[in-house]
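The structure under discussion appears below in the form of structure tokens.
The values are calculated or read from the model by the stated rules, or taken from the named source; none is laboratory data. All of these numbers come straight from a predicted model, not from anything done at the bench. Don't worry about glycine lacking a Cβ; one is built from the backbone with ideal geometry, like all the others, and counts go over all protein chains shown.
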Amino acid sequence: MSVASPSVSNMSSNTVVTALDALDTAYRALADLPLHDLRPTDLRALVVRLEELDKAVVALQRRIIRRLVS
């Protein structure tokens, strides 16, 4: 993703950092795949899955923001 992110090193658990690192690794692996080898049907399925993941990320961000403001 190559997006600068704030440090989460002050967290009491490394679980979140480990999960974020795994997510970043998975994203990079997906982004590096040769998409030109996929059939249009597969590409559409990939877009649908990415949209679902995007919605899940937005929902998690909202949970985090609600926690920050409460």
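Taking the conditions exactly as written (modelled with pLDDT of 95 or more and either of a type outside the set (D, E, K, R) or out of contact with any Ser or Thr (no Cβ under 9 Å at 6 or more places or on another chain) (or both)), does residue 3 satisfy them or not?
Against the criterion (modelled with pLDDT of 95 or more and either of a type outside the set (D, E, K, R) or out of contact with any Ser or Thr (no Cβ under 9 Å at 6 or more places or on another chain) (or both)), residue 3 does not qualify.
Name every residue in the stretch 34-62 that is over 15 Å from the mean Cα position of the chain (by Cα) and part of a helix (DSSP H, G or I), in order of residue number.
If the condition is that a residue be over 15 Å from the mean Cα position of the chain (by Cα) and part of a helix (DSSP H, G or I), then 35, 36, 37, 40, 41, 42, 43, 44, 45 are the ones that fit.
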